[in-house]
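K.L.:
Just dropping this structure here.
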Amino acid sequence: MARITIIGPEGTQERELGEHNTLGRLPGNTHQVLDRIVSKEHCHIDRIEGRYVLKDLGSLNGTFVNGERVSEVVLEDGDELALGSTRVRFHDDRPREGGAFSTAAMVATRTTQPPRPKTPPPRGPQVTMTPGMVESHIRTKIAQRDKGFLPEQLVTDEAVLRSDYEKLRASYEVIRAIGVEMNVDGLLGKLLDTAFQLLPADRGVVLLYDDAGELVPRSVRTKRPQAEGEEVVLSTTIIDVVLRDKAAVLSHDASVDSRFQGAHSIIMQGIRSSMAVPLLHSDEVFGLMVLDSQIATNAFTEKDLELFQNIANQAAISIQNTLYARKLEEEAITRQRFQRLLSPAIAEQVLSGKVEIRKGGELREATVLFTDIRGFTAMSESIAAPEIVDMLNEYFERMVEIIFANEGTLDKFVGDEIMALFGAPVAHDDDPVRAVRTALQMKRDLRKLNVERAAQGQPSIEVGVGINTGEVVAGYLGSSKALEYTVIGDTVNTGARFCSVAKAGQILISETTYQRVRHVFRAEPLPPAHVKGKSLPLCIYSVLGPVEGGTADLASEGRTD
């Protein structure tokens, strides 16, 4: 019994063949093929002298047998037909009938193709890896027709020579252009523009991996205008082959290519010719370019594949250089931002990944330090605004240098107030000691600054300092548009309250801070203080200076008491 298996968008159907069989899109055919690019009456399969003969009826998109376009051919058991996006498999398990097929019928079997081989091509994927390429039976047939760029003495056709020259010229121009293009999207656009100039492609897409490791389209071109919101659907089958083998893929008819058998997206989209080249850097695929034609078979040749693989190789280098340049620029900006907040040593640890800063915050112990200029409001009323700005800049410059010298973190400036952290994002065993030492050194350096200001006839700057130690929530806080590293919690609020009650030249610390530094610094207890937000008075200490013979390293900075 002879039969056909129709594999199309509507599923798989098996049909027996009669003496005369018509295949096409209209219901009146013996075997209706529901495929939008199959002709109304596409082809016949007739039994002639015991053999089945297929005849194409002048269909627009052609009839293919085992990947070759035919007009008339004798079918053999196992042959695979392609009508539009639909595959049809021919089965003939009848015993061979005696006698020879007539000479007239044999002459009519093929009008456009060479003699068929005696044995059918092997079924199933036939993939062989060669340097930079993937081969299949489809690809082999293409290579037989297209030998690539011939030596000059072997070129006899002027039209071929002109066509090859134009392709080489265009590829040279795009390689030269992408070599100086520093915008990734602009570079990808040039790639696809060149592809559409040289090839009968219906669409082209360049995909790159994003920061989340997802392969996403970065540039898309289509021959026909796209409707607003229209989605370009890609075949994951073709993409998977390129990513798996890290090699270029070329198919003159994807609908019958053994590598893509069963690929529903290819059937539904009617992809005929397809070419995909990987974007490789250091043997790592970071993207790929896909070109396909939904109308023409044999749209792309081996010669085209070689050209675009070379262009893709150059593009890959340019893309990576651009991405690296952008990364360096972003790191430079990040480094600059961190260096404004952190000491250079700590900033380098954060940027190198040795210290992790998490968005959303984490609970940790830290010591917070607040300084505030006393009488600043009155000073602002009596001094011109430019002079106030100059004064604050000079004051902040000196104070931040001391914070960084003790490996603290500058949290923020709020008017004339400074907020600094010790223990976030990098913790030390002696963070409370570092905070108090910073305050004493600030006090010492401020005296020097005031001597300079007095010599210039400018008013002195007096500050109060508040320090507290405890648990805080530290991390990146804010919106997706504006994030900053900071700490929040009751420990922070209490430290700010201590600063608000500190008199000019006074350094006030909490009980928790005092217990951590009392072996290093002298401090006297003050009457319990009532601060805003606290129902009970808080124990408070005023720092006097280092313990006699202690370990506080203030020698190089001069004594402060």
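K.L.:
Six or more apart or on different chains, Cβ under 6 Å: which pairs go from a residue in segment 320-339 that's closer than 20 Å to L208 by Cβ to one that's at pLDDT below 70? Could you list them?
P.N.:
Sorted first by the residue in segment 320-339, then by its partner, the pairs are T322/M182.
K.L.:
State all residues of segment 72-110 that are in a loop (DSSP other than H, G, I, E, B) and either modelled with pLDDT of 90 or more or among the acidic types (D, E) (or both); if no residue qualifies, say none.
P.N.:
Of segment 72-110, the ones in a loop (DSSP other than H, G, I, E, B) are 75-79, 84-85, 93-102, 109-110.
Those that are in a loop (DSSP other than H, G, I, E, B) and either modelled with pLDDT of 90 or more or among the acidic types (D, E) (or both): L75, E76, D77, G78, D79, D93, E97.
K.L.:
Further question: Could you list, in sequence order, all residues of segment 174-195 that are at pLDDT 70 or above and not hydroxyl-bearing (S, T, Y)?
P.N.:
Across segment 174-195, the qualifying residues are N183, V184, D185, G186, L187, L188, G189, K190, L191, L192, D193, A195.
K.L.:
Further question on the same structure: Exactly one condition in (1) among the hydrophobic types (A, V, I, L, M, F, W, C); (2) in contact (Cβ under 8 Å) with a residue 60 or more places away in the chain; (3) surrounded by 14 or more Cβ atoms within 10 Å (Cβ to Cβ) is not met by L392; state its number.
P.N.:
(2)
K.L.:
I'm told V205 meets every condition in (1) among the β-branched types (V, I, T); (2) modelled with pLDDT of 70 or more; (3) under 17 Å from S273 (Cα atoms); (4) assigned to a helix (DSSP H, G or I) except one. Can you identify the failing condition by its number?
P.N.:
So the condition that V205 fails would be (4).
K.L.:
In segment 1-15, how many are of a type outside the set (K, R) and under 19 Å from V73 (Cα atoms)?
P.N.:
4
Listed here are the residues, each with its yes/no results for (1) basic (K, R); (2) over 20 Å from C499 (Cα atoms); (3) without any contact (Cβ under 8 Å) to a residue 12 or more places away in the chain; (4) buried (at least 21 other Cβ atoms within 10 Å of the Cβ).
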{"position": "G361", "(1), (2), (3), (4)": "no, yes, no, no"}
{"position": "A366", "(1), (2), (3), (4)": "no, no, no, yes"}
{"position": "F376", "(1), (2), (3), (4)": "no, no, no, no"}
{"position": "E381", "(1), (2), (3), (4)": "no, yes, yes, no"}
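K.L.:
In the set S71, S59, which member is in contact with a Cys (Cβ under 8 Å, 6 or more places away or on another chain), under 26 Å from D292 (Cα atoms) and surrounded by fewer than 21 Cβ atoms within 10 Å (Cβ to Cβ)?
P.N.:
Numbers: S71 fails: in contact with a Cys (Cβ under 8 Å, 6 or more places away or on another chain).
After applying the criteria, what remains is S59.
Residue-wise test of (1) loosely packed, with under 15 Cβ neighbours inside 10 Å; (2) under 47 Å from the mean Cα position of the chain (by Cα); (3) in contact (Cβ under 8 Å) with a residue 12 or more places away in the chain.
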| site | (1), (2), (3) |
| --- | --- |
| I488 | yes, yes, yes |
| G505 | yes, no, yes |
| L508 | no, no, yes |
| T512 | no, no, yes |
| F521 | no, no, yes |
| E524 | yes, no, yes |
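K.L.:
Looking only at helices (runs of 4 or more DSSP H) that lie completely in segment 414-527, which have at least 2 residues being closer than 25 Å to V389 by Cα and assigned by TED's automatic domain parsing to the domain that holds D390?
P.N.:
431-455, 490-501
K.L.:
Could you tell me which numbered condition L410 fails, if it satisfies all but one of (1) out of contact with any Leu (no Cβ under 6 Å at 6 or more places or on another chain); (2) surrounded by fewer than 21 Cβ atoms within 10 Å (Cβ to Cβ); (3) part of a strand (DSSP E or B); (4) hydrophobic (A, V, I, L, M, F, W, C)?
P.N.:
For L410, the failing item is (1).
K.L.:
Right, something else. Give me the residue from segment 364-380 that is in contact with a helix residue (DSSP H, G or I) (Cβ under 6 Å, 6 or more places away or on another chain) and assigned to a strand (DSSP E or B) and, out of that set, modelled with the lowest pLDDT.
P.N.:
D372
K.L.:
Applying the selection to segment 16-47, what residues are part of a strand (DSSP E or B) and loosely packed, with under 15 Cβ neighbours inside 10 Å?
P.N.:
E16, H20, R47
K.L.:
Hey, another quick one. So which residues in segment 45-77 are of a type in the set (S, T, Y) and closer than 16 Å to P95 by Cα?
P.N.:
Our first condition is that a residue be of a type in the set (S, T, Y); within segment 45-77, this holds for 52, 59, 63, 71.
Result: Y52, single match.
The values are calculated or read from the model by the stated rules, or taken from the named source; none is laboratory data. A quick note: this is a predicted structure, and the numbers were derived from the prediction, not measured. Here Cβ is always computed from backbone atoms with ideal geometry, including for glycine, and neighbour counts include all displayed protein chains.
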